[in-house]
Amino acid sequence: MSSAPKEKLPPLGPVVLVTGKGGVGKTTLAAGLAECAAAREGRAVLIEFGDGESGKRALGARTKVVHRVVDPRDAMERAVANVLGSTLVARLFIGNFAVKPMLRAAPALRELAMLECVRIYADEHPGVRVVVDMPATGHGLAWLRLPAQMRDMFGSGPLHDLSERLIERLVAPSRCSVVVVTLPERLVLSETVELCRALEVEVGLPASRLIVNRFPQPLPEAAWDAARALEARGGASGAAATELLRVLDARKTVQREALEVLAGEASGPLSTRTLVYGEQPDDPAAGDVARWLAEEGAA
Amino acid sequence: MTKVPVTIVCAGGGGVGKTTSSAALAVALARTGARTLIVTVDPARRLAHAMGVEITEVVQPAHVEPAVEGKLFALMPEPRRSTPTFARVLFEGRPDDLARVMRNPVYATMADAAAGMHEIVSLILVAKAVEEGDYDYLVIDTAPSRNALDFVSYPGRLAVLFEGRAVTWLGSMARNVAEDDRGPGLFASVEKRVESMFARILNPRVLKDLAQLFADLALVKDRFARFARMSERMLLGERTRYVLVAAPTGSAQADVSFLARKLSKLNHRPAALVLNRSDQAEPGWLGTLGHAASGEEALDAAVAQVRLEYATRKRAGDKLAALFARELAGVPQVRMPTLESPDPVEIVRALATLMEPHLSVLARP
């Protein structure tokens with residue numbers, strides 16, 4: 001795939017949001033993008049939500065990337081403190097008997113607060129590439145729709161302003177780029193296509209990179225001819241050749257489908273070249289991903 | 001008294017083939033003649049369609065193969081419709097209240113974005129389906145996340161909110177704020193101050209909508225509590241088995257360890273571990289081709305490539321199996337090979353056949 005002529009990819013924004021279906025390698029790719037940025041620009045940060053284990057594992061010990069973990073509770077405190085003007089008051093407020101269960105049961109506010117944390121970090125560190133390992137498809141999309149929904153619901157007041165700020169300074173095509181990671185499998189691909197459409201139509205943030213991870217190694221056409229010849233001869237090896245052909249055909253179909261489905265997307269609303277990352281025998285390290293991204297001119 | 005089906009909850013990280021293995025397990029159970037319901041919390045559209053199932057809130061017969069016709073049923077609710085479904089189910093028989101809730105802007109926005117909402121809705125739908133359906137087995141494919149087991153506690157958490165002091169307080173506050181916009185005086189109580197902060201952060205109109213929403217939800221709290229109890233029974237009952245699904249990737253392994261710890265906090269132990277893409281041996285035909293070099297360079301290269309992949313997956317599978325043999329000692333493991341086919345239903349059927357010998361472990365009655 002790397003022998004194909006490469007058109008230049010548009011540069012990524014200061015904030016890079018990485019999303020895709022669960023288990024497609026989002027964290028690894030996000031870590032790779034951050035590594036790449038750190039190597040080129042000197043400074044980069046990987047923001048992760050949750051416990052931070054997977055980002056740490058993907059980055060490895062000798063990384064130059066700053067790893068930030070956004071904890072939901074801290075995020076809430078920080079965002080509320082920003083609105084109320086004091087951390088202590090914010091802490092009292094969040095701990096209130098009535099506010100506490102409400103915040104737990106209405107996590108939309110928590111998610112808004114986590115986005116606000118990303119925005120604050122990006123604004124306080126201009127010139128530093130911020131790569132965000134976003135939640136998977138459905139949740140990731142819900143997060144990105146949130147600022148506009150909340151702005152419209154509140155109409156005025158601090159949460160309206162906070163949402164407005166997020167729309168202008170974070171979830172805007174000039175500020176951030178979305179990288180969608182996918183796999184060459186039917187079930188994953190159809191979800192990817194839905195995600196890309198929703199990003200474009202509902203959030204106004206078309207995917208700027210589409211990366212197909214774990215793409216099977218291409219095999220020479222002559223392998224099929226030889227296998228068919230062997231099959232025709234019959235016997236034990238003939239039967240074995242039939243099985244091999246089944247596997248080879250399945251792969252070829254999957255590869256063709258992946259490129260067709262995504263090319264259809266790309267010629268439509270998406271204006272991105274599909275990036276294909278070849279199959280790795282083991283989990284690749286962020287450094288390997290970074291090298292590949294640099295080769296592809298994708299970082 | 002409705003029959004309590006044996007419930008198998010499949011949990012695991014993303015991308016480990018959980019949806020496919022859950023469907024395969026359901027097919028294998030239905031092949032024994034048992035009435036089986038497969039519930040997919042996060043349905044893959046392509047798989048649903050391939051099984052002849054619409055993504056909707058209604059239980060439908062699944063069409064996978066003649067052997068399971070009339071035995072296998074599927075419930076694959078659309079995540080993006082869970083907000084209206086939640087209200088519709090709770091306010092069944094109260095059209096006016098339902099209309100008011102659906103018009104409430106706070107409800108639409110908050111519920112739509114609330115993580116866990118769809119899981120709650122799915123559980124409520126399952127509870128209803130079980131009441132009406134007379135199933136022998138229920139297979140629940142949870143959302144692909146480490147938080148998949150949190151949904152056990154979601155309904156309870158919401159129920160607390162509906163019943164607690166918070167609702168009363170919020171209701172009275174909404175009235176106060178609407179009447180008096182001057183803010184707390186110097187000697188105002190702590191509660192008064194919190195109220196004023198709340199009004200500042202939200203705004204009076206939203207606060208009123210929020211209070212109205214809580215008042216409306218309080219109307220149906222008994223109904224909700226009943227559903228919450230039903231789902232709790234379903235998920236923590238003695239006829240419930242947890243099957244954890246993993247594959248040889250770094251995060252899948254960590255996810256399973258995490259889920260196993262969560263399970264033990266709920267006083268449950270995984271009934272079995274399914275290890276996907278963990279081939280135990282290369283298939284015979286590959287050996288046959290490998291031993292007799294064809295002399296065709298391209299063919300030999302292809303065979304060598306496929307063999308290398310099998311060997312890599314076997315190594316990764318062995319490592320994973322050994323790791324869990326230590327960490328989750330005594331939990332039976334079911335290793336599944338990699339299946340390659342462009343047709344998802346073909347994979348489901350093939351996996352079901354491979355699972356049949358393990359049914360006594362995976363779905364101990």
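The values are calculated or read from the model by the stated rules, or taken from the named source; none is laboratory data. Just so you know, these numbers come straight off a predicted model, no measurement behind them. All Cβ positions, even for glycine, are placed from backbone atoms using ideal geometry, and neighbour counts span all protein chains on display.
Among the residues of region A:19-67, those that are β-branched (Val, Ile, Thr) and within 14 Å of chain B (Cβ to nearest Cβ) comprise A:THR19, A:VAL24, A:THR27, A:THR28. Looking across region B:286-302, the residues that are under 19 Å from A:LEU219 (Cα atoms) and either within 34 Å of the chain's Cα centre (by Cα) or within 7 Å of another protein chain (Cβ to nearest Cβ) (or both) come down to B:LEU289, B:SER294, B:GLU296, B:ALA298, B:LEU299, B:ALA301, B:ALA302.
Among the residues of region B:290-310, is there at least one that is out of contact with any Gly (no Cβ under 6 Å at 6 or more places or on another chain), in contact (Cβ under 8 Å) with a residue 60 or more places away in the chain and either of a type in the set (S, T, N, Q) or farther than 21 Å from A:ALA236 by Cα (or both)?
First, the residues of region B:290-310 that are out of contact with any Gly (no Cβ under 6 Å at 6 or more places or on another chain): B:290-302, B:304-306, B:308-310.
Remaining after also requiring in contact (Cβ under 8 Å) with a residue 60 or more places away in the chain: none.
Checked against the condition, which is being out of contact with any Gly (no Cβ under 6 Å at 6 or more places or on another chain), in contact (Cβ under 8 Å) with a residue 60 or more places away in the chain and either of a type in the set (S, T, N, Q) or farther than 21 Å from A:ALA236 by Cα (or both), region B:290-310 yields no hits at all.
Restricting region B:251-264 to residues that are of a type in the set (D, E, K, R) and under 16 Å from the mean Cα position of the chain (by Cα), which is surrounded by the most Cβ atoms within 10 Å (Cβ to Cβ)?
So in region B:251-264, the residues of a type in the set (D, E, K, R) come out as B:255, B:261-262.
Now restrict to residues that are under 16 Å from the mean Cα position of the chain (by Cα): B:255, B:262.
On the way: B:ASP255: 27, B:LYS262: 18.
Out of the qualifying residues, it is B:ASP255.
Give me the residue from region A:118-131 that is touching a strand residue (DSSP E or B) at 6+ places or on another chain (Cβ under 9 Å) and farther than 18 Å from A:ALA79 by Cα and, out of that set, surrounded by the most Cβ atoms within 10 Å (Cβ to Cβ). Can you show your working first?
Narrowing region A:118-131 to residues touching a strand residue (DSSP E or B) at 6+ places or on another chain (Cβ under 9 Å): A:118-119, A:121-122, A:125, A:128-131.
This time we only want the ones that are farther than 18 Å from A:ALA79 by Cα, so: A:128-131.
On the way: A:VAL128: 18, A:ARG129: 25, A:VAL130: 27, A:VAL131: 30.
The residue in question is A:VAL131.
Yes or no, residue by residue, for (1) within 30 Å of B:TYR107 (Cα to Cα); (2) away from every other protein chain (no Cβ under 14 Å); (3) buried (at least 20 other Cβ atoms within 10 Å of the Cβ):
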position: B:LEU210; (1), (2), (3): yes, no, yes
position: B:ARG229; (1), (2), (3): yes, yes, no
position: B:VAL243; (1), (2), (3): no, yes, yes
position: B:THR249; (1), (2), (3): no, no, yes
position: B:LEU266; (1), (2), (3): no, yes, no
position: B:VAL274; (1), (2), (3): no, yes, yes
position: B:ARG277; (1), (2), (3): no, no, yes
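Taken over region B:329-343, the criterion of being closer than 18 Å to B:ARG241 by Cβ, in contact with a helix residue (DSSP H, G or I) (Cβ under 8 Å, 6 or more places away or on another chain) and outside any strand (DSSP E or B) is satisfied by B:VAL331, B:PRO332, B:MET336.
Which of the residues belonging to region B:93-128 are outside any helix (DSSP H, G or I) and free of Cβ contacts under 8 Å to residues at least 60 places away in the same chain?
Keep residues of region B:93-128 that are outside any helix (DSSP H, G or I), which gives B:93-94, B:104, B:114-116.
Within region B:93-128, B:GLY93, B:ALA114, B:ALA115, B:GLY116 qualify.
Return yes or no: is B:PHE91 at pLDDT below 90 and within 27 Å of the chain's Cα centre (by Cα)? Before you say what the answer is, go through the steps one by one.
On the way: at pLDDT below 90: no; within 27 Å of the chain's Cα centre (by Cα): yes.
Here the answer is no, as B:PHE91 does not meet what is asked.
The residue that is surrounded by the most Cβ atoms within 10 Å (Cβ to Cβ), counting only those in region A:188-208 that are under 11 Å from A:VAL261 (Cβ atoms) and among the hydroxyl-bearing types (Ser, Thr, Tyr), is A:THR192.
When region A:125-160 is examined, which residues are found to be of a type outside the set (A, V, I, L, M, F, W, C) and in contact (Cβ under 8 Å) with a residue 60 or more places away in the chain? Even if it seems obvious, please write down each step before you answer.
So in region A:125-160, the residues of a type outside the set (A, V, I, L, M, F, W, C) come out as A:125-127, A:129, A:133, A:135, A:137-140, A:145, A:147, A:149, A:151-152, A:155-158, A:160.
Selection gives A:HIS125, A:PRO126, A:GLY127, A:ARG129, A:ASP133, A:PRO135, A:THR137, A:GLY140, A:PRO158.
Of the residues B:THR338, B:THR353, the single one that is hydroxyl-bearing (Ser, Thr, Tyr) and surrounded by 15 or more Cβ atoms within 10 Å (Cβ to Cβ) is B:THR338. Residues in region B:59-88 that are assigned to a helix (DSSP H, G or I) and touching a Phe, Trp or Tyr at 6+ places or on another chain (Cβ under 8 Å): B:THR83, B:ALA87.
Per-residue answers, yes or no, for (1) surrounded by fewer than 21 Cβ atoms within 10 Å (Cβ to Cβ); (2) part of a helix (DSSP H, G or I); (3) at pLDDT 90 or above; (4) more than 15 Å from the chain's Cα centre (by Cα):
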residue: B:THR7; (1), (2), (3), (4): no, no, yes, no
residue: B:GLY15; (1), (2), (3), (4): no, no, no, no
residue: B:GLY33; (1), (2), (3), (4): yes, no, yes, yes
residue: B:VAL39; (1), (2), (3), (4): no, no, yes, no
residue: B:LEU47; (1), (2), (3), (4): no, yes, no, yes
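Here A:SER156 fulfils each of the conditions (1) at the interface with chain B (Cβ under 7 Å from one of its Cβ atoms); (2) surrounded by fewer than 18 Cβ atoms within 10 Å (Cβ to Cβ); (3) part of a helix (DSSP H, G or I) apart from (3).
So, in region B:53-87, of the ones that are basic (Lys, Arg) and within 21 Å of the chain's Cα centre (by Cα), which residue ends up modelled with the highest pLDDT?
Filtering region B:53-87 down to residues basic (Lys, Arg) leaves B:71, B:80-81.
Retained after the next criterion (residues that are within 21 Å of the chain's Cα centre (by Cα)): B:80-81.
On the way: B:ARG80: 79, B:ARG81: 84.
Top of the filtered list is B:ARG81.
Per-residue answers, yes or no, for (1) farther than 18 Å from B:GLY13 by Cβ; (2) outside the structural domain of B:TYR137 (by TED's automatic domain parsing); (3) part of a loop (DSSP other than H, G, I, E, B):
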| position | (1), (2), (3) |
| --- | --- |
| B:TYR242 | no, no, no |
| B:PRO248 | no, no, yes |
| B:GLN253 | no, no, no |
| B:PHE258 | no, no, no |
| B:ARG261 | no, no, no |
| B:HIS268 | yes, no, yes |
| B:SER278 | no, no, yes |
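In summary, B:THR56 fulfils each of the numbered conditions (1) surrounded by fewer than 24 Cβ atoms within 10 Å (Cβ to Cβ); (2) touching a helix residue (DSSP H, G or I) at 6+ places or on another chain (Cβ under 6 Å); (3) outside any helix (DSSP H, G or I) with the single exception of condition (2).
Check B:ARG326, B:ARG313 and return the single one that is within 12 Å of chain A (Cβ to nearest Cβ), farther than 22 Å from B:GLU65 by Cβ, of a type outside the set (Gly, Ala, Ser) and in a helix (DSSP H, G or I).
Working: B:ARG326 fails: within 12 Å of chain A (Cβ to nearest Cβ).
So the residue among B:ARG326, B:ARG313 that is within 12 Å of chain A (Cβ to nearest Cβ), farther than 22 Å from B:GLU65 by Cβ, of a type outside the set (Gly, Ala, Ser) and in a helix (DSSP H, G or I) is B:ARG313.
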